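Working notes, beginning with the structure itself.
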Amino acid sequence: MSNTNPLLDVTGLTKHFPVMGGFPFKRKIGAVQAVDGLDFQVAEGESLGLVGESGCGKSTTGRLITRLLEPTGGSIKYRGQDITHAGRKQLAPVRSEIQMIFQDPYASLNPRQTVGKIISGPMEINGINPPGGHEKRVRELLETVGLNPEHYNRFPHEFSGGQRQRIGVARALALEPKLIVADEPVSALDVSIQAQVVNLLQELQQDLGIAFVFIAHDLAVVRHFSQRVAVMYLGKIVEIADREDLYDNPRHPYTRALLSAVPEATADDIPARERIRLTGDVPSPLNPPSGCRFRTRCWKATEKCATEAPPLVQVAGNKEGHLTACHYPETHDTVPAPRLSKDVAA
Amino acid sequence: MTSTDQQPFLSVRDLKVHFSTEDGVVKAVDGLSFDLAKGKTLGIVGESGSGKSVTNLTILGLHDRDRTSIDGEILLDGKELLTASERELEQLRGNKMSMIFQDALASLSPYHTIGKQIGETYRKHTGASKKEARERAIEMLRRVGIPQPDVRVDDYPHQFSGGMRQRAMIAMALVCDPELLIADEPTTALDVTVQAQIMDLLKDLQQEFGTAIIFITHDLGVIADIADDVLVMYGGRCVERGTKKEVLRAPQHPYTWGLLGSMPSLEGPVDVPLSPIPGSPPSLLNPPSGCRFHPRCTFAEKVQGGLCSTEQPLLDITDGRGSACHLTDDQRREFFADYAATRSH
Amino acid sequence: MSRFLIRRVFGALVILLIISAITFGLFYAIPRDPAMMSCGKNCTPDMLAQIRHNLGIDHPIPVQYWDWLKGVFVGRDYGSFGNCNAPCLGYSFANREPVLGTILDRLPTTLSLAFGAAIVFLIFGVGAGMLAAVKQGKFLDKFASSASLFGSSLQIYFVGYIAMFFFVAKLGLFAQPSYTPLSEDPVSWFSGLLLPWLTLAIIFTANYTRMTRSQLVEQLSEDYVRTARAKGLSRANVFFRFAWRGAMGPIVTVFGIDLGTLIGGAIITESTFSIQGIGRLAVDSVNKSDLPMLLGVTVLSAGAIVFFNIIVDAVYALIDPRIRLA
């Protein structure tokens, strides 16, 4: 973060989905705490990775930033402008600068529109007339994302999965965005295609200086693509750091467990990381554990973890910008006592 | 029934599975052979359309018989499966051989309780009473690590979490102590921490029962964790085979190199770009001539006489190790050294 | 489940209330005076006022509606006519008969017509759909599919008259459609309704064949059907216990709606076959500007549709545990 004024500044971001029920009249009887008090910044041209398992709130976060969802609390500032509850009119100029790429390249393209129409759509909606006309610009964009510009008049079904994702990228680029929120952009793709798209996004980030919020469950992909990484668990950020720090020196037990669970394609008999096997399931976000939300699956949890939610701070031994929300952070020589999944069966 | 020493437990010989569709014949599997011994795990790696799932549905006889033409041999413990009657296959399925699938929520019936679904497999093959089947179901749920199995046995699949559903599915597949378990991407839809739990569970159960496992996946990391032997499939054919160590340490086929080069890692330098395979997987309706990988292969032009586009490379297997590629051994060593260098600089 | 039912029944009552109010309002929107119709040719203003008073239509419309509504729940005193106990739907303007009694007299006719036809089209429609699903892509499937497309484009007033012309008038294969109470003479009941049943069935069967087929084809390609086969269960077992179970939900839904429509909207069918059921009653009450009868029939018809919708939801919950409510 070279700039003191971040491109995107998120503080205390919260999204609770009401749960209706009761008798005889339905009313709000609870709330799914999908996202609960997130603080993070994204600098210009930077890629921030959001990782976590299903239900951790990473996708909701992406939808809040792009204002596809209305936040329940907290604030989102884009270039210093508060867009947390901005209306349609106020959002319009910001919307063109923040674009989104979705996971499913099949579902997120209108099957009845030609590629040209799909990509020029955002320009038309925003009344942008590029020099040389829409078609010229679309052809340029197709070329940028590695597609044949002559395929301007084809329909989405005529493309393979990877190519469709490229169309989605071209559409996002049409308005020359400053920030792209990419929600699992490669997880539906085959391994060999996944690498193509990751490389493409990387080129865009480097050549066009676009900042990314890269949402993914695949830790290796995120490590590859994002300079900074935030790990989420049950609606909260448990750790955020530069990638080297996060992957080489994880301080939160959850980060460590998550990393150790990733199978590596090596034939070495000794695994690179000590195996930590988490037991049980992620608790319901409807009724999350008190204090630290990870404590029910943590091998280090004490009374304190149940009563006191650990703040996201730079714990002792962390480098600048490496924040961890844990009362008992891991150190390099901490030997955790992993509970094996077998224990549960007994 | 025990397998003789000469005869492998499962033997697939020159299997061809062709579907007729409105657009023409899809050559989903085109000449596949492999063996699997008891208590061992064979990992089958491939991308979508490689024929890996079709192969395994064919072993169980679950392919659409009206539209499929099949050639070759599948011998399970000496018994030919391709010519077996539907009744014979029903006796084997869920009993001697069983299967678990990727999407446990979709693969379990939403209309029946977990206990009933596990129990009915048991009743079908052992003739046990409803009460015995229920007890067996509870026992199996306990074995796969479901907490409070005597309560959860009456739950429906939608009341289970993703990981628990996959555990229940495994319990269902193993309820009759099968000798062959086919696992079709069983962890792909799961979170990594749950994936790790499920793989540990499968390994434990395999140790306990000596089950032979075919593990289908697109993830070489998962292969590294669970497989003994590896078979890499591309476009309905096997392109490389060997032990896990052989394939991961010294892969022979350019496609395997490409797969490894496409995978980002948690180790090593972060700023090296991935080396993806160019292009897209082939259409099985109209597969490329010669080597099916040649349109995407960066080494095809290095082969003398343009063989790659005209002639199908033979799968040259010695002692279970080999690949199907026109590159000479010297070329292969040279190119792999180059590849390895780019990966680790 | 009981909470769900209570909530739904409550909702249904609200709907019926709204429907009756709308009917009331629409009736008076028509420029037609029911009193004029009773008054005859030598009508004087005094007579008219008297008739208005007798019919109870000399009050403001909201008051009339309120009186009617009160009658439904607590009964109503009609003075010279005597007392009408709750649920009181009033007396017919046209013939001074109690509305409820008339409707109850006619109801068995409409119910016989509806349920009889329903049994026929369920058996044939679902049966043909099942066969088509099993023999996917074969001759039987193609035949059933095209036959059902043809059938579903037919209309009762068209097929009905043709059937009557050929089978009753020309060939004499069927009796002239009529209603005899089942308790009186089961044979005449059956023979009198057979032709309407079959005619209705031809039209509805088609829809059920198509729906059953497409539902089953979809279910048969579900992952859990494949799993059931992978467990070693036989084709027949998998077909009925897994695929059919899944296919049932949408069929039950449509069946519930159809049954409600058959009972509530029997106007065309009963007119076509000249059968005196609820539908004919509705037509007559409109022609005679008979407000109480019209209201009674409308509320009953709407009630039938709403009732079967609740039944459908309850049955759906029994079939599919995923939507079973707390």
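The values are calculated or read from the model by the stated rules, or taken from the named source; none is laboratory data. Worth saying up front: this structure is predicted, and the values here are computed from it rather than measured. Please note: Cβ atoms are built from the backbone with ideal geometry, for glycine as well, and neighbour counts cover all protein chains shown.
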Q. Within the range A:157-192, how many residues are touching a residue at least 24 places away in the same chain (Cβ under 8 Å), within 9 Å of chain B (Cβ to nearest Cβ) and in contact with an Asp or Glu (Cβ under 8 Å, 6 or more places away or on another chain)?
A. 3
Q. Hey, residue A:204 hits all of (1) within 16 Å of residue A:7 (Cβ to Cβ); (2) out of contact with any Asp or Glu (no Cβ under 8 Å at 6 or more places or on another chain); (3) within 10 Å of chain B (Cβ to nearest Cβ) but one; which does it fall short on?
A. (3)
**Q.** Tally of residues being in contact (Cβ under 8 Å) with a residue 60 or more places away in the chain and either on the phi < 0 side of the Ramachandran plot or more than 9 Å from every other protein chain (Cβ to nearest Cβ) (or both) across the range A:258-283
**A.** 7
Q.
I'd like to know if the range C:180-193 contains one or more residues that are in contact with an Asp or Glu (Cβ under 8 Å, 6 or more places away or on another chain) and not in a loop (DSSP other than H, G, I, E, B).
A. no
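Results for (1) farther than 22 Å from residue B:217 by Cα; (2) among the hydrophobic types (A, V, I, L, M, F, W, C), shown as yes or no for each residue.
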site: A:238; (1), (2): yes, yes
site: A:242; (1), (2): yes, no
site: A:249; (1), (2): yes, no
site: A:257; (1), (2): yes, yes
site: A:261; (1), (2): no, yes
site: A:267; (1), (2): no, yes
site: A:273; (1), (2): yes, no
site: A:278; (1), (2): yes, yes
site: A:281; (1), (2): yes, no
Q) Being of a type in the set (Lys, Arg) and more than 14 Å from chain A (Cβ to nearest Cβ), is that true of even one residue in the range B:16-34? A) yes
Q) What is the number of the single condition among (1) facing chain A (nearest Cβ under 9 Å); (2) assigned to a loop (DSSP other than H, G, I, E, B); (3) under 22 Å from residue A:247 (Cα atoms) that residue B:268 does not meet? A) (1)
Q.
Return the residues of the range B:78-113 that are among the charged types (D, E, K, R), closer than 26 Å to residue B:30 by Cβ and crowded, with 16+ Cβ neighbours inside 10 Å; say none if nothing qualifies.
A. B:93
**Q.** Candidate set: the range B:73-108, residues that are of a type in the set (Ser, Thr, Tyr) and either in a helix (DSSP H, G or I) or over 24 Å from residue B:217 (Cα atoms) (or both); chosen: the one farthest from the other protein chains (Cβ to nearest Cβ)
**A.** B:83
Q | Flag if residue C:232 is touching a Gly at 6+ places or on another chain (Cβ under 6 Å), modelled with pLDDT of 90 or more and crowded, with 20+ Cβ neighbours inside 10 Å | A | yes
(Q) Of everything in the range A:202-219, what is on the phi < 0 side of the Ramachandran plot and more than 14 Å from the chain's Cα centre (by Cα)? Give them in sequence order. (A) A:202, A:203, A:204, A:205, A:206, A:207, A:208, A:210
Q | Filtered residues of the range C:152-179 (kept if assigned to a loop (DSSP other than H, G, I, E, B), farther than 19 Å from residue C:277 by Cβ and among the small types (Gly, Ala, Ser)) | A | C:153, C:172
(Q) Any residue that is part of a loop (DSSP other than H, G, I, E, B), modelled with pLDDT under 90, within 18 Å of residue C:231 (Cα to Cα) and of a type in the set (D, E, K, R) - is there at least one of those in the range B:30-50? (A) no
Q. So which of C:160, C:137, C:151 ends up being of a type in the set (Gly, Ala, Ser), surrounded by 12 or more Cβ atoms within 10 Å (Cβ to Cβ) and modelled with pLDDT under 85?
A. C:151
Q) Given the residues C:144, C:49, C:114, which is the only one that is at pLDDT 90 or above and part of a helix (DSSP H, G or I)? A) C:114
Q | Leading residue by the ranking (farthest from the chain's Cα centre (by Cα)) among those in the range A:292-305 that are surrounded by 19 or more Cβ atoms within 10 Å (Cβ to Cβ), without any contact (Cβ under 8 Å) to a residue 60 or more places away in the chain and in a loop (DSSP other than H, G, I, E, B) | A | A:298
**Q.** Residues of the range B:158-206 satisfying the condition of being at the interface with another protein chain (Cβ under 9 Å from one of its Cβ atoms), surrounded by fewer than 22 Cβ atoms within 10 Å (Cβ to Cβ), acidic (Asp, Glu) and touching a residue at least 24 places away in the same chain (Cβ under 8 Å)
**A.** none
Q: Among the numbered conditions (1) of a type in the set (Lys, Arg); (2) in contact (Cβ under 8 Å) with a residue 40 or more places away in the chain; (3) under 25 Å from residue C:318 (Cα atoms), tell me where residue B:143 comes up short.
A: (3)
Q) Of the conditions (1) out of contact with any strand residue (DSSP E or B) (no Cβ under 9 Å at 6 or more places or on another chain); (2) closer than 28 Å to residue A:244 by Cβ, residue A:109 fails just one. Which one is it? A) (2)
Q) Applying the selection to the range A:197-226, what residues are over 19 Å from residue A:255 (Cα atoms), surrounded by 24 or more Cβ atoms within 10 Å (Cβ to Cβ) and of a type in the set (S, T, N, Q)? A) none
Q: Collect the residues in the range A:62-96 that are of a type in the set (S, T, N, Q) and part of a loop (DSSP other than H, G, I, E, B), keeping them in residue-number order.
A: A:66, A:72, A:84
Q: State whether the residues of the range C:286-300 include one that is within 14 Å of chain B (Cβ to nearest Cβ), free of Cβ contacts under 8 Å to residues at least 40 places away in the same chain and hydrophobic (A, V, I, L, M, F, W, C).
A: no
Q. Taking the range B:316-339, which residues are at pLDDT below 90 and buried (at least 16 other Cβ atoms within 10 Å of the Cβ)?
A. B:317, B:332, B:335, B:336, B:339
Q. Just checking, which of B:81, B:76, B:92 is under 20 Å from the mean Cα position of the chain (by Cα) and more than 13 Å from residue B:12 (Cα to Cα)?
A. B:92
Q.
When the residues of the range B:39-71 are narrowed to those that are of a type outside the set (Val, Ile, Thr) and farther than 21 Å from residue B:101 by Cα, which ends up surrounded by the most Cβ atoms within 10 Å (Cβ to Cβ)?
A. B:71
